[in-house]
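Derivation of every value follows stated rules applied to the coordinates shown; laboratory data play no part. This structure is a prediction, so every number in the text was calculated from the model and none was measured. Please note: Cβ atoms are built from the backbone with ideal geometry, for glycine as well, and neighbour counts cover all protein chains shown.
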Amino acid sequence: MTEFASVILAGERAAHDALRDHTGVECKALLDIDGTSMIRRVINALEGADSISSIHLSGPAETCVRTDAGLSGLIADGRATWTAPAASPSTSAYQMLNRIPGAQPVLITTADHPLLTSEIVDHFCRDSAVSGCDVVIGLAPHDLVRTTYPDLKKTVLRFRDGHYCGCNLFAFLTKDGRRMADFWRRVERDRKKPLVVISLLGIGAVLRYRLGWLTLRGALALLSRKVGLRIGVVILPYAHASVDVDSVADYLLMQRYAKEANAPQPKSGSDLSEQS
């Protein structure tokens, strides 16, 4: 199995944030989800994945690291490295990619990914490694996400051949592929507006997208030509791969879902019948 270095983006997007104000935490990455901080949940998923050889943190702020004994202990023990975050996630990604040898495949994810699992990480890395692409993006089918988490609000990419949600999973497989971080910096501000992002591919792409004619394959081909890279996608069969925490509503939902996921499961009917 191809081994990936991993990067967790854990900086803050803004000085003032309703989610931090609501919970009282200094850094979003330290938000508690059913007894475990979000960033620790992501670290646990990466540590348990066979495809991950190292973990690198871009953030949270040094003051937050110092006040969290568990996180500072992981760094002190060498289980993860820490770097101060840049002004934006895309700039943090760009800087972190420049710190890692060009021949090393890199997985980038975010700290607000509380339901990430080792299984998801290995599935994404395995399929990315054999894609033949420079960069691979993780997506999940919107119907699956909506069915599993009907209360969760997600940005939806609506293509002719399917509707998808982002998963905050990005594989940089070649040295050339790291140029994609520059493009990411251009679209970051409008990441929640699919039409604005599509507009970077030209007016033809906008019209086809608005009319429901643009396919995912077509969009990837246009994007690949735009940036001069081979860009692919892995469609993940996990609704929880698309879950992130961007708002107070998301946070409250994740507390509920995490508790339900960790609750003891009732015995099956067959088990009960054997006891009767």
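Could you put 163, 240, 22 in order, starting from the residue whose Cβ has the fewest other Cβ atoms within 10 Å?
22, 163, 240
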Give the peptides 38-50, 66-78 in descending order of average Cβ contacts within 10 Å, highest first. 38-50, 66-78
Distance from a point 7 Å along Cα→Cβ of residue 174 to each backbone N in the stretch 217-250: keep the residues under 12 Å and list them by number. 228-232
Using the alpha-carbon centroid of each, what span in Å lies between the stretch 76-99 and the stretch 126-169? 25 Å
